[in-house]
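S.K.: Please read through the structure below; I'll follow up with questions.
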Amino acid sequence: MDNMRTLSILLVTLFTFNVFAQDTEEGMYDPAAKKILDKVSQKYNGYKAMKVDVSLNTINRDADINNTSEMKIILSDTKYQIHVDEDLIMYCDGASIWNINTEDKEGTIEEYEEDASGEEITPSNIWTIYEKGFQYSLTEQVTEGNVKKVTIDLAPENKDLDYFKIRMVLNEKTHEIISMRIFAKDGTHYVYTLKNFEANPSTNDDTFKSDLGNANDSNDESDLPF
């Protein structure tokens, strides 16, 4: 998976359906799920920029993997800055992507290419990716404490992708994302839990650029789920 293909595994196959779902020749498109997803999209697209703390739990029971990473993310349109633990910083200014190892202050730089297919999950399109090429279904509604939670499963229509499902848990009242679980075909689950959130933080062009002068051009794939 390359770097843009992470925040690239986020939305995926649908294996549970409920009584509200409508079955068509094209597949399963639950109007109750779409109504909620539209409100989530409207909410997040209303921000010029976002600052989010995210906990990522990577799980693969067959491979005995259960790791947790902490991320600090700043987003603005197609631009982003992502800190992963104390080891990695990723910058994207909409033209280039820098991947920097913070310990040795070295890294790589590659050209940013926008995904024309709309199937690739990126930091900038996770709120709207369901609009094209995905089926969706509302699978659960529960109340925990004072929070009403709704679970929506998304499945890509393209079955050749390296993930088959994304499960989103949303706050039904505020239309905020609580967590996302990405189901990869190799058995790995990527569980993103959104923690602290700040709308419209102060940013400028330098926020999304690296000052690493000795970065080498590279098109190597990254093991990161982004």
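The values are calculated or read from the model by the stated rules, or taken from the named source; none is laboratory data. Just so we're clear, the structure is a prediction, and the values are computed from it rather than from any experiment. Methodologically, a virtual Cβ is constructed for each residue, glycine included, from the backbone with ideal geometry; neighbour enumeration extends over all protein chains shown. Side chains included, ligands, DNA and RNA excluded: accessible areas come from the protein's heavy atoms. Shrake-Rupley method; radii C 1.70, N 1.55, O 1.52, S 1.80 Å.
S.K.: So, ASN158, is that one modelled with pLDDT of 90 or more and surrounded by fewer than 19 Cβ atoms within 10 Å (Cβ to Cβ) or not?
M.R.: no
S.K.: Could you count how many residues in segment 52-62 are at pLDDT 95 or above and of a type in the set (A, V, I, L, M, F, W, C)?
M.R.: Residues meeting the conditions: 1.
S.K.: So for segment 185-197 (the condition being closer than 28 Å to ILE100 by Cβ and among the basic types (Lys, Arg)), does at least one residue qualify?
M.R.: yes
S.K.: Would you tally the residues in segment 172-209 being under 25 Å from GLU131 (Cβ atoms) and in a strand (DSSP E or B)?
M.R.: So the answer is 16.
S.K.: Regarding segment 130-144, can at least one residue be identified that is more than 21 Å from LYS34 (Cβ to Cβ) and either more than 12 Å from the chain's Cα centre (by Cα) or not in a loop (DSSP other than H, G, I, E, B) (or both)?
M.R.: Taking every residue of segment 130-144 in turn, at least one turns out to be more than 21 Å from LYS34 (Cβ to Cβ) and either more than 12 Å from the chain's Cα centre (by Cα) or not in a loop (DSSP other than H, G, I, E, B) (or both).
S.K.: Also: Condition first: charged (D, E, K, R) and either in contact with a Cys (Cβ under 7 Å, 6 or more places away or on another chain) or over 17 Å from ASN45 (Cβ atoms) (or both). Now tell me which residues in segment 157-177 satisfy that.
M.R.: Those that are charged (D, E, K, R) and either in contact with a Cys (Cβ under 7 Å, 6 or more places away or on another chain) or over 17 Å from ASN45 (Cβ atoms) (or both): GLU157, LYS159, ASP160, ASP162, LYS165, ARG167, GLU172, LYS173.
S.K.: Could you list, in sequence order, all residues of segment 82-92 that are in contact (Cβ under 8 Å) with a residue 40 or more places away in the chain, open to solvent by 30 Å² or more (accessible area, probe 1.4 Å) and closer than 25 Å to ASN45 by Cβ?
M.R.: Within segment 82-92, TYR91 is the sole residue that qualifies.
S.K.: Those residues that are assigned to a loop (DSSP other than H, G, I, E, B) and of a type in the set (S, T, N, Q), I need them from segment 145-171; list them, please.
M.R.: Passing the criteria: ASN146, ASN158.
S.K.: For segment 110-148, which positions are of a type in the set (A, V, I, L, M, F, W, C), modelled with pLDDT of 90 or more and either open to solvent by less than 30 Å² (accessible area, probe 1.4 Å) or under 16 Å from LYS209 (Cβ atoms) (or both)?
M.R.: The answer is LEU138, and nothing else.
S.K.: Take segment 46-79 and flag every residue that is aliphatic (A, V, I, L, M) and crowded, with 19+ Cβ neighbours inside 10 Å.
M.R.: Result: MET50, VAL52, VAL54, LEU56, MET71, ILE73, ILE74, LEU75.
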